[in-house]
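Beneath this line is the structure, given in structure tokens, with notes to follow.
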């Protein structure tokens, strides 16, 4: 099991959201690996000098890039779910059965996971 962070979760970290900080501390204590994707980081990253907390958290997060073939998988998933956000679809591809997903876009991510036929715990942040 792993926890996947979308851009909204990264924004919450950057804004020092206490609830998200507590969730991350609990996940870390449980030894749950954290994952996100490069596009989610790109959506949030602006100035490393001002984002020290986010930089520290990202040091312990596996940041996954697009792999060959992902472009087609993402497009097919978007068509099945009836959504259009490429970043959300790639985040959804990272989520496996039983994983946790920390997101500020629970409705769209739930649609993507349903289309993917993946059961995961969605945590709204």
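No lab work stands behind these numbers, since they all come straight from the coordinates. Please read all numbers here as calculations on a predicted model, not as lab measurements. Neighbour counts run over all protein chains shown; Cβ positions are idealised from the backbone, glycine included.
Annotations for the structure displayed:
- Identified option (computed Rg/Rh (Cα atoms, Kirkwood Rh); candidates (i) 1.12; (ii) 1.01; (iii) 0.95): (iii)
- Cβ-based exposure ranking for 23, 1, in which fewest neighbours within 10 Å come first: 1, 23
- Here the Gaussian network model covers the chain, with springs between Cα atoms less than 10 Å apart; of 94, 77, 53, 53 fluctuates the most.
- As a rough footprinting exposure proxy, the listed residues 103, 119, 83 were ranked by other beta carbons within 10 Å of their own, and the order from fewest upward is 119, 83, 103.
- When the Gaussian network model of the chain links Cα atoms closer than 10 Å, the mean-square fluctuations of 82, 48, 98 top out at 48.
- Packing-based exposure ordering (other Cβ within 10 Å, fewest first) of 88, 17: 17, 88
- Peptides 105-112, 27-34, 4-11 ordered by average Cβ neighbours within 10 Å, highest first: 4-11, 105-112, 27-34
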